[in-house]
Amino acid sequence: MPTLVLATRNAGKVRELAEMLAGSGIDVRSLAEWPDLADVVEDADTFAGNATKKAVATATALGLPALADDSGLVVDALDGRPGVYSARYGGPGLTDPERCERLLAELADHGQTSSAARFRCAMALARPDGAVVLREAAWEGTVRGPRRGENGFGYDPVFEPADADGTAAQLDSPTKNRLSHRGQALALMVALLRDQPELLAD
């Protein structure tokens, strides 16, 4: 069975990606198994740049194929913020609910209670030999408060997808995994792996 390392320690991402890869015939592992491996500094100015950097660093360090994603929320009324800084928006140490409230407060500062927005995801698969493939997807919707729902993380409780009722955090996992930016990008990646299984070969 081929092994694929998910290049993240974010428990929410690991859970979602593992659920989406269930039944794929791939031995899915995460960086939780390598606690001493240094974190990769995500200093690229694009989602694709950060995803590629994380995947390449992990594949090189472990000698195993690695899958990394970088994703974030792009809000039209905020000129695309928080974008690639979504996980660090508002400064270090904030909780997910605090970041959501910070986002809503910034919208209010612009005289708005809602805005068109989208989650964007870039997903990179890197092999130890340096080969990299990239897939990208977006999930359109609206940002609006208050926070609603418990099945999610990050900005899910204030993001209302255009293709579903309620917020992303109110969707059941199968629906969310099918519709989300990460789910779309992973579906593209899984389709690629079906066509080119040699990408995960030793």
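Bear in mind these aren't lab numbers, they're just calculated from the coordinates by the rules spelled out. Everything numeric in this text was worked out from a predicted model, so none of it was measured. As a convention, Cβ positions derive from the backbone with ideal geometry for all residues, glycine included, and neighbour counts pool all protein chains shown.
Just a few scattered comments:
- Gain upon complete extension [Val190, Ala44; 0.36 nm per residue less C-alpha separation]: 50.0 nm
- For a straight C-alpha distance cut-off of 19 angstrom, the aspartates and glutamates reachable from Lys176 (same-chain residues fewer than eight places away being disregarded) are Glu16, Glu19, Asp69, Asp70, Asp96, Glu136, Glu140, Glu150, Asp156, Glu160, Asp163, Asp165.
- Separation of region 1-56 from region 174-202 is 13 Å, based on Cα centroids.
- DSSP beta bridges fully contained in the chain are about 80 percent antiparallel.
- Listed values [x] 11.5; [y] 12.3; [z] 10.8 include one computed from this model; for mean projected area of the Cα convex hull in nm² that value carries the label [z].
- Extension gain (nm, one decimal) between Glu33 and Glu19, 0.36 nm per residue minus Cα-Cα: 3.3 nm
- Under 16 Å from a label point set 7 Å out along the Cα-to-Cβ vector of Ala162, the amide N atoms of region 172-198 belong to 179-182, 184.
- Taking each residue as 0.36 nm, the span from Ser114 to Asp129 lengthens on full extension beyond its C-alpha to C-alpha distance by 0.8 nm.
- The modelled label-to-label distance for the pair Arg147/Asn10, using points 7 Å beyond Cα in the direction of Cβ, is 1.6 nm.
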